[in-house]
Amino acid sequence: MPSSLRILPLLVACLAAEAAPPAAEKAMLTTPLFDFSQDGPLWASIDDTVMGGRSSSRSYVQGGVAVFEGVLSLENGGGFCSVRSAPRPRDLHGHRGLRLRVRGDGKVYKLRLRTDARFDGVSWQNVFTAPELEEGEWVEIRLAFADFEPVYRGRKVRDAGRLDLSRITTFGLLISDEQVGAFRLEIAALEAY
């Protein structure tokens with residue numbers, strides 16, 4: 001057998017091996033961030049009542065789904081509802097963003113990340129719309145870390161540097177921007193990709 005024919009299978013095997021790692025790396029880097037298998041309360045509410053407003057919200061898990069719901073009001077200068085996870089440091093270095101499986105009410109929500117456990121300070125946020133879907137239907141939303149913007153009390157922060165993915169401490173959801181009335185967001189999965 002000529003030597004060039006003996007090398008061909010080796011060359012094909014090398015090319016196949018080079019093509020395989022990206023898919024394997026992608027699968028390895030998908031990290032579930034929360035377990036929604038146990039029914040009960042989920043994250044703490046932080047609504048505009050902290051400044052005299054009248055909005056109210058809650059979050060809980062029911063039937064394997066996380067729910068963020070409430071009523072947004074502009075009374076007494078209010079206008080936001082939010083929930084935040086308990087502080088728990090996570091290193092998401094090497095991931096490109098967050099993947100959510102959601103359904104909602106057609107309203108716009110903000111997913112917020114914090115890199116420390118302080119109550120107040122800079123958050124990093126990305127915006128998404130939760131479409132109204134039929135029961136049993138879900139939509140996947142991907143939020144790239146590169147698109148998260150630093151904010152403080154609703155205003156963009158200049159010179160905040162870059163989001164430190166090795167120090168993600170809390171996750172949160174927020175609804176604001178005069179979207180008055182009842183709201184409901186359901187999340188079947190939240191993971192890093």
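The C-beta contact set for the stretch 156-182 (first residue closer than 15 Å to A192 by Cα and β-branched (V, I, T), second residue open to solvent by less than 30 Å² (accessible area, probe 1.4 Å) and part of a loop (DSSP other than H, G, I, E, B), distance under 8 angstrom, 6+ apart or interchain) comprises I168/L92; I168/T115; T169/T115; T170/S85. Restricting V127, V102, V151 to residues that are in a strand (DSSP E or B) and open to solvent by 40 Å² or more (accessible area, probe 1.4 Å) narrows the list to V127. Scanning the stretch 163-193 for residues being part of a loop (DSSP other than H, G, I, E, B), in contact with a helix residue (DSSP H, G or I) (Cβ under 9 Å, 6 or more places away or on another chain) and closer than 24 Å to H93 by Cα gives a total of 2.
Of the residues making up the stretch 67-81, those that are outside any loop (DSSP other than H, G, I, E, B) and out of contact with any Asp or Glu (no Cβ under 7 Å at 6 or more places or on another chain) are F68, E69, G70, V71, L72, E75, N76, G77.
Residue count for the stretch 157-176 under the criterion of being closer than 20 Å to F119 by Cβ and in contact with an Asp or Glu (Cβ under 6 Å, 6 or more places away or on another chain): the result is 1. For the stretch 132-144, taking the residues that are open to solvent by less than 80 Å² (accessible area, probe 1.4 Å) and within 26 Å of K156 (Cα to Cα), the one that is nearest to the chain's Cα centre (by Cα) is identified as L143. If you filter the stretch 126-160 down to residues that are within 20 Å of G78 (Cα to Cα) and not hydrophobic (A, V, I, L, M, F, W, C), you find that the one that is modelled with the lowest pLDDT is G154. Residues in the stretch 56-91 that are more than 30 Å from S166 (Cβ to Cβ) and charged (D, E, K, R) were compared, and the one that is most open to solvent (accessible area, probe 1.4 Å) is R58. A single member of R118, R112 is open to solvent by 20 Å² or more (accessible area, probe 1.4 Å) and without any contact (Cβ under 8 Å) to a residue 40 or more places away in the chain, and it is R118. Of all residues in the stretch 36-43, at least one satisfies being part of a strand (DSSP E or B), over 13 Å from the mean Cα position of the chain (by Cα) and either in contact (Cβ under 8 Å) with a residue 12 or more places away in the chain or surrounded by fewer than 16 Cβ atoms within 10 Å (Cβ to Cβ) (or both).
Restricting E186, E178 to residues that are open to solvent by less than 50 Å² (accessible area, probe 1.4 Å) and of a type in the set (D, E, K, R) narrows the list to E186.
The values are calculated or read from the model by the stated rules, or taken from the named source; none is laboratory data. Just so you know, these numbers come straight off a predicted model, no measurement behind them. Methodologically, a virtual Cβ is constructed for each residue, glycine included, from the backbone with ideal geometry; neighbour enumeration extends over all protein chains shown. For the accessible areas, the whole protein counts, side chains as well, though only heavy atoms, and no ligand, DNA or RNA atoms are used. Shrake-Rupley method; radii C 1.70, N 1.55, O 1.52, S 1.80 Å.
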